[in-house]
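The values are calculated or read from the model by the stated rules, or taken from the named source; none is laboratory data. Just so you know, these numbers come straight off a predicted model, no measurement behind them. Here the Cβ is made from the backbone with ideal geometry for all residues, glycine too, and neighbour counts use every protein chain on show. Quick note on the areas: whole protein, heavy atoms, side chains included, nothing else; ligands and nucleic acids left out. Shrake-Rupley method; radii C 1.70, N 1.55, O 1.52, S 1.80 Å.
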Amino acid sequence: MTKKHKLSIKLLMIALGAILILSSFVGCVTQKETLTFADLDWDSAQVHNRIAAFILEHGYEYEIAYNFGSTVPMFVGLEDGSNDISMEIWVENQQEAYDKAIAAGTVIDLGSNYSDNWQGFLVPTYMIEDGDLPADISVEDMPDYWDLFKDPEDPTKGRFYSCIAGWACEMINDEKFEVYGLKDTYNILRPGSGTALLTSLVDAYENHQPWFGYYWSPTPALGMYDMTVVSEPAYDEAVWNENHGCDYPAVKVNICVNSSLPDRAPEVIDFLEKYDTTAAMTNVALAYMETNSATSDDAAVYFLQEYESVWTQWVPSDIASKVKDALP
């Protein structure tokens, strides 16, 4: 083999090595890690996961994964890093675990997703429009109207559909009824499931019948049906701690991430810190999901189409353009 031939082979090997090194370097720069969402077992959390995921996948080019589960294991996953992002941490509902994780530095709270969540007592708005109830109906008025809500099993009293048996709000509603003096005129029905409570509301509404009960937002039902709040005294912490004789307090619904995420993906943190919605927007997306037998992915796309002026404020313009191009 001639020296010239040997030199050519050596130069070729050097060139191939340089190409391999460059290819490896470029791959490291462009390839992004997979982001895993805590896919909690209720619709609003799953819809918000997919709104954020659509933006992260199509705007920022991240791979997306979901871990499905209930509140406790999904929060543990957020602490140990098997989950990167949770779009709905209902802080007061898991206060002890939340406080420990924040203090330990394993979880970072990026702020509110929506702060106008609500729970309390409702009647159908058509009962006001029909002249059966006053527009400013309150718990103080309800004893005067018990006969509109007659309990079919005990016609001497009205019926109130309370919180699901076993939930904390079951006990709270019992205390409220004592304070408001409603037990003299109403029987409390405790549904055995969320489905049973929803069915009672839907059946009454679709048949234009009276209904008095407890519900919460965001939910598909309150996105679909026009209901009026039966007002209670304004929330007061001292009163609440004594006998619950006031409005339910709003619960913080915050976006939290594993503490390693800011170093790994600072642009994701910047986006999630700007993510800001309302319970009303969430109700609209959930109602779309319910009325169209749609998936949470479908509802997320619907949200992004309906609220373009909102979500485009969360991301730079070039990212927004990529997301809009990816929408159907």
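Some values worked out for this structure:
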quantity	calculated
Contour minus Cα-Cα distance for residue 33 and residue 325 (0.36 nm per residue)	102.9 nm
Inter-centroid distance (Cα atoms) of the stretch 79-113 relative to the stretch 259-328, Å	21
Counting all C-alpha pairs of the stretch 242-298, share separated by more than 16 Å (%)	66
Globularity index of the stretch 41-118, i.e. its alpha-carbon radius of gyration over 2.2 N^0.38 Å	1.12
Residue of 41, 136, 151 that the Gaussian network model of the chain assigns the largest fluctuation, springs spanning Cα pairs under 10 Å	136
Residue order for 58, 208, 244 - accessible surface, 1.4 angstrom probe, largest first	208, 58, 244
Amide proton proximity set for residue 228, modelled H, under 5 Å, gap of 5+	123, 125
Modelled FRET efficiency - R0 35 Å, residue 170 with residue 292, Cβ distances, 0.05 increments	0.60
Reciprocal of mean inverse Cα separation for the stretch 37-79 (Kirkwood radius, Å)	10.7
Whole-number D in µm²/s for the chain (Stokes-Einstein; Kirkwood sum over Cα pairs; 10 °C, 1.306 mPa s)	69
Residue order for 259, 115 - accessible surface, 1.4 angstrom probe, largest first	115, 259
The chain: relative contact order as a whole-number percent, Cα under 8 Å and 6+ apart	25
Apportionment of accessible area to carbon and sulfur, the stretch 197-273, percent (1.4 Å)	46
Accessible area, probe 1.4 Å, largest first, for residues 268, 239, 301	239, 301, 268
Built amide H within the under 5 Å cut-off of residue 118, gap 5+	217
Å² per residue, accessible surface of the stretch 25-128 at 1.4 Å	41
Length added when fully stretched, residue 132-residue 310, from 0.36 nm per residue minus Cα-Cα	60.2 nm
